[in-house]
Amino acid sequence: MPIRRSPRSKRPQRRLLSAAVLWPVLLLFGLAIAYTFYLDHIIRVKFEGKRWALPAYVYAQPLELYVGVRLSAGQFERELRMLDYQPVAGVERSGSYERHGDDVRVTTRPFQFWDNREESVTVDVHYSGDTVATLVAADGTALSLLRMEPVVIGRIYPAHHEDRILVKLSEVPLLLRQGLLAVEDRHFYSHWGLDPRAIARALWADLRHGQIVQGGSTLTQQLVKNFFLDNERTLWRKLNEAMMSVLLEMHYPKDDILETYMNEIYLGQDRERAIHGFGLASHFYFGTPLEKLAPQQIALLIGMVKGPSYYDPRRHPQRALRRRNLVLDLMVQEQLLSADQTRQAKLQPLGVTVEAQSIAVHPAFLDLVQRQLSRDYREEDLRSEGLRIFTTMDPLVQTTAEEVFARRLVALERQRGLKQGSLEGAMVVTSVSGGEVVAVVGGREPRYAGFDRALDAERQVGSLIKPAVYLTALSQPQKYTLASMLNDEPLAISSDGGQVWQPANYDRMTHGPVPLHSALAHSYNLATVGLGMALGVPKVLDTLHALGIERDINPYPAMLLGSMSLTPIEVAQMYQTIAGGGFRTPLRAIRDVVSAQGEPLKRYPLQVVQAADPVAVYLLTTALQEVVASGTGRSLTRFLSADLHIAGKTGTTDDLRDSWFAGFSGDRVGVVWVGRDDNEAAGYTGAGGAMQVWGDVFAAIGVQPLNIDPPPGVDWEWIDPKDGLRALADCSGAVKLPFSRGSAPMDPAPCAQGLSGAVRRSLDWLKGGSQ
Amino acid sequence: MRLPTGWRLGILIAFGLGVIACSVAPPVGEVPPPPQEATAPPPVIAPHGNPAVLALLESAQSQQQAGNYEQAAAALERALRLEPRNAMLWHRLAQVRLSQGQWRNAIDFAAKSNSLAGGERKLQASNWLVIAQAKERQGDREGAQAARARVEATGGTLSDGGVE
């Protein structure tokens, strides 16, 4: 049996043996293939995501010219310069103009808007003072309205959430392309992703020096490594990178890989922002586009690839200079430059700008645009190429605000002997009607794309919150009117935890019985807290939310004096609703987004939501006008005529850490915060600091007066401020106040009592005195 | 058109009312009320002098007539940037939104117009009519009723669907 069986049993054994070897090998092989496919997938997705794409163009709002518009000839010329219109005489070419004093002849360029196309026209604009007096086309017809083309304010990649300047390989200077290959990867066009000769040479150099001195990575390997920025340096990672490099080379032509490398390579750090690609690096270090770089500047950028922080020309200029000159030498060796050119180039300084340059002209505003894009549009729509984004930015207001803001902060520092550069600030300006954000200043260095204080600085708002308290009161006309008497007296509020809060007035005094409108105008804390507690903190919070403050706020009594922190743009939303007569319009920075084919993605329609009683808001607004006319904001008249009837509110926090002013004219809402980034004392009250900036900016941009017709249901009556009772026009000290119909006090003040009072009342009535 | 400004505006409003009365899209699942004719004479609204705003109003008018509501709204928004406190423009925007079946927006724009329409009772009446119609379509019978009462209180009449 064994003999007979043995051959039979041996064969399965051999089969078993071969299976035992074969299957694991097959399995391993299969796994390796699967893994390769996996790597292949990953690297292709990465690569595709980084390929060159047409940027989105971002436009400011177009200038609308019509007879009667307030715009000086100088402002108009400034806008034309921003549009790159050429001043030429006697020529009617698209994009040119001619100015003689108050007369401007302009020939516009045609422009395709989201709603229709504006053709090129030649127009004579005649000014009378600061307004357009006539607007006549070349053929003699009077134009009712002329919409200029909008200024381009940036090119962005909306889906990338980072700023890039992508360059096409064909736009890259030849010297950069050849020099880069000479320094980093001489066999780029012949290898298949890896370069064994370079690896061997690097290994040999490392062995000789006993440390890693040379990397043998090809550009492809560097690119792959750059996709995974965690800088892990394990053998496994190296193997993966090598495999992915080979896979990448199998899929894409060399030029595509080189182009992507040029746009992807890491070349420095700007605080929290990474600088990727030669296009952006050129702006960041030299403030010029890539195609305008001189040979020594190109050499520096190439040299920095090896170690952007080690060779940082701003921090280590000597090191960077040596490295640059080394690259220049190599360029001569490779015959990319003549010896003479190199000698000249070496004599040049590094040529980097002192400050890091931002590519965006108005990064703070673009920041808001980016956020609203990702909030309101679909990701896949934003990825399509060549979008045109029409924003609400007013280039004249934006640039004026930036300039005046920086200048005024310097003046404030000088005034108090503060260290130059210690004060920071932010400003938001919106249009009254549509909630359109026309300017955002994110800090004193407007070109710096860093911390955007207008959107992100959360600071205690102090008295800016008070209008919410007073609006809550005025929304109950049967209980509160502008003439209601409040008590500005010491009070103590105990919390559930047993703590006692004793607020105080800014001047540490008490003012006894004061009319409600004066308590707001003079920003009396005690009267406000008393009023707020009587109304109930939750009620005030409801008003605040209705006005557009969305974040959760703790219902502590201290909130009545603005203990909560808000960003300037949140405050702008709140005052926007007040300026809008109680109708809330969500602040918006985008009017329209149009695809490259001219199809609108989605219109941003104007929306208003009734948030408060228009009559109550009207009463509040008159009290806010009193703030500027005779209250805490009266020094605003240094900048702006009292005839403009500006409404506003000052805000100051403990130890003068935050200085705020929020207010509005007939056409603009503005919020300014001034303080220090480290939250130390800035040394200014709201009126002394932020309001000065506000006034300076608003005076410079030129604003319309705030003359509001009262909404239906408002009556004006004479009131005696001593007791809040009904007075007569000739009572001494009497003030005329608006009331929600039927809410004015009926009882006569002493001066209006008795028979003579009754007679004078009838006379007043006959004269229409109580209308 | 070389009519006096006041007449031009009046005709625009009359047309707008006609649009409200005739072209409000009925909501699904509800029987639309019989269409009402706006036979009232054009209300007299104080003419205002800005030809740019007038041109935009006319452009909005023709866009709305052609059924291009978004274009019409865009023209009105453009006009509002020039004159943010022009109650008439807000009213026209309310009409456009009503024609589009955007009841909520129509109500808000009409209320906004009212808050700016100080002494213009005819315009107020027109706004209350927009609100009444929008509330009706929202299924808010009480609200519609109250708004209709305001139409009459501000001097308008509902008998012929227009505002006098």
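In this structure, residue A:318 and residue A:411 have a Cβ-Cβ separation that, at R0 = 30 Å, corresponds to a calculated FRET efficiency of about 0.20.
With the convex hull drawn around the C-alpha atoms of the protein assembly as shown, the volume per residue stands at 294 Å³. Residue-wise HN-Hα couplings along the stretch A:509-517, as the Karplus relation 6.51 cos²θ - 1.76 cosθ + 1.60 with θ = phi - 60° gives them from phi, are 10, 10, 10, x, x, 9, x, 3, 5 Hz; Gly and Pro carry x. If you take the Cα centroid of the stretch A:637-666 and the Cα centroid of the stretch A:295-326, the two points sit 49 Å apart.
Were the residues from residue A:493 through residue A:381 laid out at 0.36 nm apart, the gain over their Cα-Cα distance would be 34.9 nm. At residue A:19 and residue A:552, where each label point lies 7 Å from the Cα along Cα→Cβ, what is the point-to-point distance in nanometres? For the pair residue A:19/residue A:552, the computed spacing is 6.4 nm. 3J(HN,Hα) along the stretch A:737-746, derived from phi through the Karplus expression 6.51 cos²θ - 1.76 cosθ + 1.60 where θ = phi - 60°, amounts to 10, x, 9, 5, 3, x, 9, 5, x, 8 Hz, with x in place of Gly and Pro. The Rg/Rh ratio for the stretch A:169-347 is 0.95, where Rg is the radius of gyration of the alpha carbons and Rh is the Kirkwood radius. Scanning residues 5 or more positions from residue A:275 or on other chains, those with amide H under 5 Å from its amide H are A:267, A:268, A:269, A:270, with H placed 1.01 Å from N in the peptide plane. Each residue in A:730, A:678, A:696 was given a count of other beta-carbon atoms within 10 angstrom of its own, and listing them fewest first yields A:678, A:730, A:696. Between residue A:340 and residue A:288, the FRET efficiency from the beta-carbon distance, with R0 = 30 Å, is close to 0.80. The ranking of A:556, A:266, A:189 by Cβ neighbour count inside 10 Å, starting from the fewest, reads A:189, A:556, A:266. What separates the Cα centres of the stretch A:419-465 and the stretch A:488-545 is a distance of 28 Å.
Other residues whose C-beta falls under 12 angstrom from the C-beta of residue A:103 contribute a net charge of -2, scoring Lys and Arg +1 and Asp and Glu -1.
Fully extending the segment from residue A:329 to residue A:534 would add 65.7 nm, taking 0.36 nm per residue of separation and subtracting the current Cα-Cα distance.
Ordering B:53, A:121, A:354, A:428 by the number of other Cβ atoms within 10 Å of each residue's own Cβ, fewest first, gives A:354, A:121, B:53, A:428.
Neighbours of residue B:81 by Cβ distance under 9 Å: Lys/Arg scored +1, Asp/Glu scored -1, total -3. The HN-Hα couplings worked out from phi for the stretch A:380-387 by the Karplus form 6.51 cos²θ - 1.76 cosθ + 1.60 (θ = phi - 60°) are 5, 5, 6, 7, 5, 7, x, 5 Hz, whole numbers, x standing for Gly and Pro. Pairs over the 32 Å Cα-Cα cut-off, from the set A:50/A:306; A:46/A:602; A:238/A:292; A:46/A:292; A:602/B:122: A:238/A:292; A:602/B:122.
Here the spin labels are modelled as points 7 Å beyond Cα on the Cα-Cβ line, and at residue B:70 and residue A:565 they lie 4.1 nm apart. Modelled spin-label separation between residue B:141 and residue A:141, with each label point placed 7 Å from Cα along the Cα-to-Cβ direction: 5.5 nm.
Summing charges over neighbours of residue A:190, with a neighbour being any other residue whose Cβ is under 13 Å away from its Cβ, gives 0 when K and R count +1 and D and E count -1.
Readers should treat all values here as calculations from the given coordinates under stated rules, not as data from a laboratory. As the structure is a prediction and not an experimental result, all values here were calculated from the model. Cβ sites come from the backbone with ideal geometry, for glycine too, and all protein chains shown count toward neighbours.
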